[in-house]
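Have a look at the structure below before the remarks.
The values are calculated or read from the model by the stated rules, or taken from the named source; none is laboratory data. All figures in this text were calculated on a predicted structure; none of them were measured in a lab. Using ideal geometry, Cβ is built from the backbone for each residue, glycine included, and neighbour counts are taken over all protein chains shown. The area values use the complete protein model at the heavy-atom level, side chains included, leaving out ligands, DNA and RNA. Shrake-Rupley method; radii C 1.70, N 1.55, O 1.52, S 1.80 Å.
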Amino acid sequence: MTALLVIAVLVASAVQRLTGIGFAMLVAPFAVLALGPGPGVVLVNALGIVSAVLVMVRVRQDIHWPAVGGLLPSAAVGVLLGVVITRALSVAAAQIAAGAVIMLAVGTSVLVVRTTSVARTTTVTAVAGTASGLMGALAGVGGSAMAVLAILTRWEAKDFAATMQPYFALLGVITITGRLLADPRTWPGLSLPVWACLATAMVVGLVLGERVVPSPALARNVVVLLAGAGGLLAVVDGARTLIG
C-alpha cells in the first residue's frame with residue numbers, strides 16, 4: 001500500500017501543477033487505506049501544504065488574495081464541524097465516512113457541468129468555503145467544493161489555479177491543527193525513508209506536470225478514475241472492519 005501511496009503522490013503532484021487542484025482527491029483514498037482515517041487525512045493535508053507552496057512559487061503573480069481571505073473564515077468553520085464529527089465516530093466508521101466523502105467529491109466533480117452559472121457572492125463563497133473545510137477535515141478532499149465553485153461562477157482557470165494554492169496551504173494548516181488538538185495520535189507515524197520517498201515523488205510529479213502531462217482533460221480523468229476506485233476501496237475496507 002505504501003508503494004501505491006507514493007505513486008498516487010507522484011501523479012497527484014503532476015495534476016496539481018497542471019490544473020491547480022486534484023492532489024488531495026487522488027492521494028486521500030490511498031492515505032486512508034494505508035494509515036487509517038485520522039493519520040491518513042493529516043498526511044494528505046501535510047503533503048498538500050508542501051505541494052501547494054511549491055506550485056504557489058511558480059504562479060504567485062496570478063493569485064487573487066482577496067478571494068483567499070474571503071474563503072478562509074467559512075472554511076475554518078467547516079474544519080471545526082468536521083473535527084467534531086470525526087471525534088464522534090469509531091475508526092472503522094470514520095474510514096467509511098472518509099471513503100464516502102471522497103466518492104461524493106468525485107461524483108460532484110463529474111456531474112457539475114457548465115450549464116448554469118451563479119455570481120460569486122459572499123453567501124456563495126461562504127457556503128463553498130464551509131463545504132471545503134468540512135470535507136477537508138473529514139477526508140482531506142476540500143478541493144472538490146472549490147472546483148464546483150469555480151465551475152458555477154465561471155472562475156477563469158488560470159486565476160483559479162493560482163488562487164487555490166495559498167488557500168489549500170492555509171486550509172491544510174487549519175485542518176492539521178484542528179485534528180491534532182482533538183487527537184494528537186492522528187499524526188502519521190511514517191519512517192524517514194517513507195517521508196523521503198513521498199517528498200521525491202512530489203518533486204518529480206511537479207516537474208512532470210510542467211513538461212510531460214499532455215492535457216488537463218486527461219489529468220482530470222485520471223484523478224476521477226483513481227480517486228473513485230480508492231474511495232470505494234476505503235468504504236469496503238472500513239465496512240469489513242466494522243462488521244468484524
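Key figures
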read-out	value
Net lengthening on full extension, ALA196/LEU233 (0.36 nm per residue, minus Cα-Cα)	10.7 nm
Alpha-carbon centroids, region 109-184 and region 1-58: separation in whole Å	16
The chain: DSSP helices with Cα axial extent of at least 24 Å and average Kyte-Doolittle hydropathy no lower than 0.5	2-19, 37-59, 65-87, 91-111, 122-139, 157-182, 192-211, 216-243
Percentage relative contact order, region 1-145, counting C-alpha pairs under 8 Å, at least six apart	32
Proximal charge balance of VAL32 [Cβ under 15 Å; K/R count +1, D/E count -1]	+1
Surface share of carbon and sulfur [accessible, 1.4 angstrom probe, percent] for region 170-214	73
Which of ALA137, PRO193, THR121, positive extreme of dipole for the chain (C-beta unit charges)	THR121
Residue-count net charge about VAL42 - beta-carbon cut-off 12 Å; Lys, Arg +1, Asp, Glu -1	+1
Whether region 1-83 is rounded, prolate or oblate, judged on the alpha carbon gyration tensor where a/c under 1.5 counts as rounded	oblate
Region 1-64: relative contact order in percent, alpha carbon pairs under 8 Å with at least 6 residues between	28
Whether region 123-214 is rounded, prolate or oblate, judged on the alpha carbon gyration tensor where a/c under 1.5 counts as rounded	oblate
Other-chain or far-sequence residues with amide H under 5 Å of GLY142's (modelled H)	GLY136
